[in-house]
């Protein structure tokens, strides 16, 4: 339908028509995003901390139950944390993205009111305002600092760039400090520290690379630069034909494997830092990578062969990598390869008692791959295993471990810590339709189908 519509528009429209329509659609999208911010703020208003009822019922907070959370800067209202997931799911986004949306709306409305007004008057697109809100939240500005940023940015918010915004934030920090300063040894306030290192998932899941970015202390940056230059040169001397940039990235990986941590030994204190560092840098480190390969047997009898797919799945982050890349990892020095037994994901495994066996746990992790809550992508290996039907602690129930509330393949699913709490205390329910396929129902009756292909909203009955 869309191709036909596009062909019809292309045949009947002039270039001027297309530009006019595109500009109109952009304006409509900006207006919709502004209204969405407004609704996010109203949703937060509907779920203040007072809406949490467990304290009145039990006299104290039940472990894992809902509590209020700050999701924007100082001076913004707190929010009942479980409400975030329902709005996010309704908007087809992860809980983390929903938390960011609501936080930005509250930050703009309460701490950046001038900028908030320009968004709703159509002068500034919502995405630009949200970028400012993210910066003021991240910097942990005081209310006075946020007001300063609001005054400085709003007149030219329609065109402010990242570098300009960073300078304004830095000036606000210099003038007003952070909201929660901690005293330094000299009795002054802590200076805002912007250092960080972050590894982002690749934009292209088949690219075989990940993006590393960060901000370092100048001395650390110079030391790292020297180490990378030395490592890249050493790789070239050893015969590497890779480009300088590739050799520098390889050198950084070598640093990670050889210097995961410094082993401080009291007996070596007199030897000095250089001696301890030299000893550590020659110590090999092992990195555990779980790689899944799909294989097929061709032929029969002694002449049969095993052929592997060209793509492998790296368990960390659910990344797709080429088989040649896995081979290069295995060929590297200080590499230990462990072959695990093949798991039959269709088999029904059960365990006596509440705790699943290691074999059952591994099967569920391999089947689900990620947290199975709508739009959550946290890797399953870092998740908890949830009994879909609550486990029955009755001793008689243990005799029937295959029952609906038992500990077995059909009653276990991977949930990250937050979504496990949400399912237990937040009114969400779900059921397994088939292995790896789940139907979720939100407290307000919205339905979501989650499987290996992702999440789809279901029509309400």
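Here, each number is a calculation from the coordinates, and none is a lab measurement. The model shown is predicted, which means the values in this text are computed figures rather than measured ones. Please note: Cβ atoms are built from the backbone with ideal geometry, for glycine as well, and neighbour counts cover all protein chains shown.
Just a few scattered comments:
- Fully extended contour minus Cα-Cα distance, from residue 22 to residue 347, at 0.36 nm per residue: 111.7 nm
- Take each peptide in 451-458, 420-427, count the other Cβ atoms within 10 Å of every residue, and average; sorted highest first, the result is 420-427, 451-458.
- Ranking of 197, 79 by count of other Cβ atoms within 10 Å, fewest first: 197, 79
- Point-to-point label distance, residue 327-residue 447, nm (Cα→Cβ direction, 7 Å offset): 4.9
- Computed lengthening from residue 434 to residue 62, 0.36 nm per intervening residue step minus Cα-Cα distance: 130.7 nm
- When 215, 107 are arranged by Cβ crowding within 10 Å, least crowded first, meaning fewest neighbours, the order is 215, 107.
- For the pair residue 358 and residue 256, a Förster radius of 45 Å applied to the C-beta separation gives a FRET efficiency near 0.95, rounded to the nearest 0.05.
- Here the Kirkwood formula puts the hydrodynamic radius of the range 2-176 at 18.1 Å, using every distinct Cα pair.
- Legend: ranking of residues 81, 225, 439 from fewest to most surrounding C-beta atoms inside 10 Å; resulting order 225, 439, 81.
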